[in-house]
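Enquirer: Before I ask anything, let me first share the structure, which is written out below as structure tokens.
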Amino acid sequence: MLPTQENTINFSKLDNIVLIGGGDLMAASANIFKRLNFNVSIIAATRHINEQLILSDKTLMHACQELSITSTALNDINQLSTQELTAIIPENAIAICFGPAWIFSDKVIQKFHHGMFNINAIPVPHYLGGAHYSWQLLNDNRDGGCFFQQITNRVDQGAIFAKHQFLISSQADTPHDYFVENVRQGVKFIEQLSQMFIKEMPFSPTPYEAINENRIYLPRLRTDKQAYINWQWLAKDLVSFCQGFDDPYLGAATFINDKIVRLKKVKLIKIYRETTNLREEIPPMHPFCYGIIIRKTANNVVVAASNGFIELVEVLDAQGQCIKSKLKEGMRLYTPLANLEQAMTYQVQMDGQGFKD
């Protein structure tokens, strides 16, 4: 019987688990479920199964081969006939999805006896949409979450069956860092879920309507179109903006001598001056100073900003080469108004399969 939002269920006699999607957490989950003697198979979009995993030197395909797990690569699962679906979906199976490439049709959903579920590695219902970790860094938000959410014909509005909430560490200051911590916590959550399946423990679904009023939605981002620095922002906001577009992305963009550069590992710092028998902090400078390199030493480059100062640790040219040694005191970093307007007005265009642009 397909689980419903109203019933308390325990997934009794669950043996077959089909993992759909891609990524490091799905690969780790396959290993966990396989080790615990579940019958595990994988369905993935062709692009997902051949992608290199971020935290290892292998692809999802290689991970499946190492675990002796059957994998199926598809362009679109919704285009399969009922007979073709039956061939790749075992009886009495559950689907657990990790960033799948498709919005599933009713025909696909109904093929899974125990239902279909998403693993959402975000603090649902906050930071829905896309570029989750970038937006969290921009807003200095360190809420972590991993949610086991039912997939229904109402996209992203299925009941929450289980959750694991935590805080991202203060040491995490790039989207990659957030990703690593979410994968680590996600593995803990999958281990908990697997034990609940084995022990046939009850799940008490929370209807999505109960949390929907608290939702925060922010759209997908494109670093090449939107990651332009506005030097009128406060120094702390410049730093969080740069962090949001740091690894694994290209970096936040600005210009020096009419050439685009990208900044990574930007730091908010204090600088000081020595007076008679006194060492005091230098106060913020006039707005006309914003973006000027006011100090360059063998070890650091300091730029004036609104209400503070920032240190540039990595400065990359359009080819990704470090040009920090070429910078000089008195140079100005700036962003033309046209680029700032583009960054604010651009919207990532989507279709049912992903990006259009």
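Only the coordinates and a few stated rules stand behind these numbers; no lab work does. Source: prediction; values computed, not measured. For neighbour counting, all protein chains shown are included, and Cβ atoms are generated from backbone atoms with ideal geometry for every residue, glycine included.
Enquirer: Normalising by the residue count of the chain, find the relative contact order in percent from Cα pairs under 8 Å and 6+ residues apart.
Expert: Numbers: 710 pairs, mean separation 51.8, N = 357.
It comes to 14 percent, rounded to a whole number.
Enquirer: Going Cα to Cα from Lys111, which lysines come in below 20 Å? Please leave out same-chain ones fewer than 8 positions away.
Expert: Once the sequence-local lysines are set aside, what remains near Lys111 is Lys13.
Enquirer: Just from its helices, what would the mean residue ellipticity at 222 nm be for the chain, if runs of 4 or more DSSP H residues each count -39500 (n - 2.57) and the sum is divided by every residue, rounded to the nearest 500 deg cm²/dmol? Don't skip to the end; give the middle numbers.
Expert: Numbers: 11 runs with 93 residues, N = 357.
Calculated at 222 nm, the ellipticity per residue is -7000 deg cm²/dmol.
Enquirer: Multiplying the sequence separation of Gln110 and Asp247 by 0.36 nm and subtracting their Cα-Cα distance, what value in nm do you get?
Expert: On the way: separation 137, 0.36 × 137 = 49.32 nm, distance 3.93 nm.
So the chain would gain 45.4 nm between Gln110 and Asp247.
Enquirer: Using only Cα atoms, locate the centre of the range 81-130 and the centre of the range 30-54, then give the distance between them in Å, rounded to an integer.
Expert: 14
Enquirer: Just rank Thr276, Thr174, Thr345, Thr46, fewest to most, by other beta-carbon atoms within 10 angstrom. Walk me through the numbers on the way to the answer.
Expert: On the way: Thr276 4, Thr174 21, Thr345 9, Thr46 12.
Ordered from fewest to most neighbouring Cβ atoms within 10 Å, Thr276, Thr174, Thr345, Thr46 come out as Thr276, Thr345, Thr46, Thr174.
Enquirer: For the pair Asn277/Val155, report the inter-label distance in nm, with labels modelled 7 Å from Cα in the Cβ direction.
Expert: Modelled inter-label distance: 7.1 nm.
Enquirer: Is the C-alpha gyration tensor of the range 258-357 telling us rounded, prolate or oblate? Criteria: a/c under 1.5 is rounded; beyond that, a/b larger than b/c is prolate, otherwise oblate.
Expert: On the way: a/c = 2.63, a/b = 2.06, b/c = 1.28.
Note, shape of the range 258-357 comes out prolate.
Enquirer: Hey, another quick one. Among Asp246, Asp177, Asp76, Asp106, what is the fewest-to-most ranking by other Cβ atoms within 10 Å? Mind dumping the intermediate values first?
Expert: Values: Asp246 26, Asp177 18, Asp76 13, Asp106 10.
Result, fewest neighbours first: Asp106, Asp76, Asp177, Asp246.
Enquirer: OK, next. Residues with amide H under 5 Å of Ile292's amide H, sequence separation 5 or more or different chain, H placed in the peptide plane at 1.01 Å from N; which?
Expert: Close amide H contacts, sequence-distant or interchain: Ala304, Leu333.
Enquirer: Net charge near Leu327, counting Lys/Arg +1 and Asp/Glu -1 over other residues with Cβ under 13 Å of its Cβ?
Expert: In short, +3.
Enquirer: Enumerate the lysines that Lys58 could reach by cross-link, defined here as Cα to Cα under 27 Å, with residues fewer than 8 away along the same chain left out.
Expert: Hits, sequence-local ones excluded: Lys34, Lys188, Lys264.
Enquirer: In the range 159-180, whose amide N lies under 18 Å from the spot 7 Å out along Cα-to-Cβ of Leu55? List them in ranges.
Expert: Only 164-180 pass the distance filter.
Enquirer: I would also like to ask the following. Starting with the fewest neighbours, write out Cys289, Cys146, Cys64 ranked by other beta-carbon atoms found within 10 Å of each beta-carbon. Spell out each step's value before the answer.
Expert: Numbers: Cys289 16, Cys146 26, Cys64 22.
Starting with the residue having the fewest Cβ neighbours, the order is Cys289, Cys64, Cys146.
Enquirer: Using a Förster distance of 30 Å, how high is the FRET efficiency between Asp143 and Asp317, based on the Cβ-Cβ distance and rounded to 0.05? Before the final figure, lay out each step's value.
Expert: Numbers: r = 36 Å, r/R0 = 1.19.
It comes out at approximately 0.25.
Enquirer: Would you mind calculating the gained length between Gln79 and Thr8 on full extension (0.36 nm times residue separation, minus the Cα-Cα distance), in nm to one decimal? Intermediate results must be reported in sequence, preceding the final value.
Expert: Working: separation 71, 0.36 × 71 = 25.56 nm, distance 3.28 nm.
Length gained, Gln79 through Thr8: 22.3 nm.
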